[in-house]
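A.B. asks: Just dropping this structure here.
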Amino acid sequence: MNWKQLLSNKRFGLENLHEARKEDRTEFQRDYDRLIFSAPFRRLQNKTQVFPLPGSIFVHNRLTHSLEVSCVGRSLGNKIASELLKLHPELHDTHISEIGSIVSAACLAHDLGNPPFGHSGEKAIGTYFSEGKGRTLQAYLSAKEWDDFTHFEGNANAFRLLTHQFQGRRPGGFVLTYATLAAIVKYPFSSQLAGSKQKFGFFTSEEEAFQKIAHELGLKKISKEGEPLKYCRHPLVYLVEAADDICYQMMDIEDAHKLKILTTQETQDLLLAYFPDERKAHILDTLKIVSDTNEQIAYLRSSVIGLLIGECTRAFLDNEVQILEGEFEGSLIKHITERPAAAYQHCAEVSFKKIYRSRDVLDIELAGFRIISTLLELMIDAVRSPEKAYSQLLINRVSGQYNMKATALYERIQAVLDYICLLYTSPSPRD
């Protein structure tokens with residue numbers, strides 16, 4: 001893979017249209033703006049990140065999380081672009097300086113396809129088909145289509161949202177650039193390769209779209225003829241993933257402190273562990289001049305984010321050749337140096353035990369399973385039996401952009417999932 005081809009600013013859906021623009025924004029900056037002003041992005045404000053959305057204490061939702069990931073992604077991209085230009089001066093005539101803009105746009109979009117209730121929402125959809133009432137549908141679907149539903153994946157759904165031509169929308173969905181679209185596909189594999197630990201990046205309905213993008217960008221194909229599709233990641237996926245890893249870990253800990261799931265001392269100890277003794281002493285001196293405990297934690301969190309941006313930048317540059325060859329394994333976070341790696345792992349362990357298994361978070365998961373299963377049962381029954389009076393009421397309630405009356409059952413079920421993932425919001429268990 002080579003940088004010049006990987007950073008194509010050709011727009012998906014408008015490949016043959018070349019507009020002369022009289023504005024200062026680059027095509028990748030236009031991607032960012034299109035996403036910011038889109039309705040699916042605004043709807044993220046009503047989707048929980050981890051915790052319920054309490055009225056008295058501000059915690060992160062999917063919207064604020066995506067904005068923060070985008071900021072970190074831009075910093076990572078800008079630092080790496082600057083260093084790559086020093087290493088490869090011949091790249092000056094490419095879009096290499098735009099890596100920060102590409103990554104920040106991809107970070108904005110990385111959660112757009114997630115259903116309400118986060119990963120538990122994905123699991124609720126998958127298990128509805130594999131364990132619930134949706135099992136009766138298997139006989140009417142192909143093996144590939146069945147894999148799409150039983151292993152439902154928010155990342156693949158984001159790619160669908162960004163490339164699928166919904167009814168009444170302009171051709172090509174959001175009409176983003178090829179580079180931005182490829183940068184959000186974390187798992188560039190067919191759903192046939194999905195399993196208990198392996199995720200996938202595109203549904204059967206979008207396989208052709210991804211192949212088109214992969215061919216244009218020169219993504220390395222791993223699968224052989226006749227095998228389920230599998231490609232190497234676009235290099236910028238590693239930066240989007242790193243920005244997400246950094247933010248969700250740090251911000252979940254900060255939110256847990258605000259909600260008193262973690263004490264101030266516990267939180268300080270977790271975050272100070274990232275630093276050597278000399279830097280730690282300097283940070284502690286700074287904390288003495290800040291009286292508000294939440295501001296102390298915010299300062300610590302920002303210091304750790306800065307450190308991790310530097311670590312991930314180094315990991316990417318040290319492994320650039322392997323990344324371009326498609327031979328790099330794991331995430332950038334797994335290749336940072338020993339001290340921050342140990343601190344990150346400890347944070348992950350504490351988060352799992354005290355945050356992700358907390359009562360409020362489990363209440364969200366339980367609510368998610370019940371709500372999504374009920375919605376799926378009602379809506380799928382409606383699209384299968386549209387002649388029923390209640391079915392007609394439900395279908396008429398849905399916007400015409402969702403093809404609830406498609407000929408193929410697979411497409412009707414996809415329309416139901418599109419509707420649930422994009423329009424429904426996550427209530428607090430208190431509601």
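The values are calculated or read from the model by the stated rules, or taken from the named source; none is laboratory data. Please read these numbers as outputs of a predicted model, since none were measured by experiment. Note that we place each Cβ from the backbone using ideal geometry, even for glycine, and neighbour counts take in every protein chain shown. Side chains included, ligands, DNA and RNA excluded: accessible areas come from the protein's heavy atoms. Shrake-Rupley method; radii C 1.70, N 1.55, O 1.52, S 1.80 Å.
A.B. asks: Express in nm, to one decimal, how much length is gained between Arg370 and Lys224 on full extension, taking 0.36 nm for each residue of separation and deducting their alpha carbon distance.
C.D. replies: Result for the pair: 48.5 nm of gain on full extension.
A.B. asks: Points 7 angstrom from Cα along the Cβ direction at Leu317 and Glu377: gap in nanometres?
C.D. replies: 5.7 nm
A.B. asks: Beta carbons within 10 angstrom, averaged per residue: use that to sort the peptides 240-248, 113-121, highest first.
C.D. replies: Peptide ranking by packing, descending: 240-248, 113-121.
A.B. asks: For the stretch 115-230, take the alpha-carbon Rg, divide it by the Kirkwood Rh, and send me Rg/Rh.
C.D. replies: A ratio of 0.97.
A.B. asks: Where does the stretch 316-389 land on Rg(C-alpha)/(2.2 N^0.38 Å)?
C.D. replies: 1.96
A.B. asks: To the nearest 10 square angstrom, what accessible area does Leu378 show with a 1.4 Å probe?
C.D. replies: 70 Å²
A.B. asks: Binning at 5 Å from 0, report for the stretch 245-351 what percent of all alpha-carbon pair distances ends up in each bin.
C.D. replies: The calculated distribution, bin by bin, is 2, 12, 23, 22, 17, 12, 6, 4, 2, 0, 0.
A.B. asks: Continuing with the same structure: Can you send over the solvent-accessible area of Lys86, 1.4 Å probe, protein chains only, in Å² to the nearest 10?
C.D. replies: Taking all protein chains as shown, Lys86 has close to 140 Å².
A.B. asks: Further question on the same structure: Quick one: order Glu349, Glu320, Glu27 from most to least accessible surface, probe 1.4 Å.
C.D. replies: Glu349, Glu27, Glu320
A.B. asks: Then there's this: With each label point set 7 Å from Cα along the Cα-Cβ vector, what nm distance links Glu295 and Arg339?
C.D. replies: For the pair Glu295/Arg339, the computed spacing is 2.7 nm.
A.B. asks: Oh, and also: Percentage of Cα-Cα pair distances in the stretch 178-256 greater than 18 Å, rounded to whole percent?
C.D. replies: The share of Cα pairs beyond 18 Å in the stretch 178-256 comes to 45 percent.
A.B. asks: Residues with amide H under 5 Å of Phe202's amide H, sequence separation 5 or more or different chain, H placed in the peptide plane at 1.01 Å from N; which?
C.D. replies: Here Phe189, Ser191 satisfy the definition.
A.B. asks: May I pose another question? Using the Karplus curve 6.51 cos²θ - 1.76 cosθ + 1.60 with θ = phi - 60°, what ³J(HN,Hα) values do you get for each residue of the stretch 377-394, in whole Hz, with x for Gly and Pro?
C.D. replies: Whole-Hz 3J(HN,Hα) from phi for the stretch 377-394: 4, 5, 6, 5, 4, 5, 6, 7, 10, x, 6, 5, 4, 5, 4, 4, 4, 5.
A.B. asks: Something else about it: Apply 1/(1 + (r/R0)^6) to the Cβ-Cβ distance of Ser399 and Lys133, taking R0 = 22 Å, and write down the FRET efficiency to the nearest 0.05.
C.D. replies: 0.30
A.B. asks: Follow-up. With the convex hull built on the Cα atoms of the stretch 306-431, state its orientation-averaged projected area in nm².
C.D. replies: Over all viewing directions, the stretch 306-431 projects a mean Cα-hull area of 12.7 nm².
A.B. asks: Next question, about the same structure. Rounded to whole Hz and in sequence order, give me ³J(HN,Hα) for the stretch 280-293 from the Karplus expression 6.51 cos²θ - 1.76 cosθ + 1.60, θ = phi - 60°, writing x for Gly and Pro.
C.D. replies: 4, 4, 5, 5, 5, 4, 5, 4, 5, 8, 10, 8, 6, 5
A.B. asks: Now for a separate question. Just to be sure I understand, if you calculate semi-axes √(5λ) of the Cα gyration tensor in Å for this structure, which of (i) 83, 22, 18; (ii) 33, 31, 22; (iii) 35, 29, 19 do you get?
C.D. replies: Checked against the structure: label (iii).
A.B. asks: Next question, about the same structure. Could I have the simple spin-label model distance between Tyr390 and Thr263, label points 7 Å from Cα toward Cβ, reported in nm to one decimal?
C.D. replies: Here the answer is 5.3 nm between the modelled labels.
A.B. asks: Right, another one. In deg cm²/dmol and to the nearest 500, what is the mean residue ellipticity at 222 nm of the chain if only DSSP H runs of at least 4 residues count, each as -39500 (n - 2.57), divided by the residue total?
C.D. replies: -17500 deg cm²/dmol
A.B. asks: Compare Val290, Val321, Val185 in a GNM of the chain, Cα atoms joined below 10 Å, and give the one with the largest fluctuation.
C.D. replies: Val290
A.B. asks: With every protein chain present, what accessible area does His346 have (1.4 Å probe, heavy atoms only), rounded to the nearest 10 Å²?
C.D. replies: That residue has around 90 Å² of solvent-accessible surface.
A.B. asks: So what's the net charge close to Ser191: Lys and Arg +1, Asp and Glu -1, counting the other residues with Cβ under 10 Å from its Cβ?
C.D. replies: -3
A.B. asks: Calculate, for the chain, the solvent-accessible area per residue in square angstrom, rolling a 1.4 angstrom probe over the heavy atoms of the protein chains.
C.D. replies: So the chain comes to 45 Å² accessible per residue, rounded to a whole number.
A.B. asks: In whole Hz and in residue order, list the ³J(HN,Hα) couplings for the stretch 115-125 that follow from phi through the Karplus curve 6.51 cos²θ - 1.76 cosθ + 1.60, θ = phi - 60°; x for Gly and Pro.
C.D. replies: Listing the rounded values in order: x, x, 6, x, 5, 5, x, 4, 5, 4, 5 Hz.
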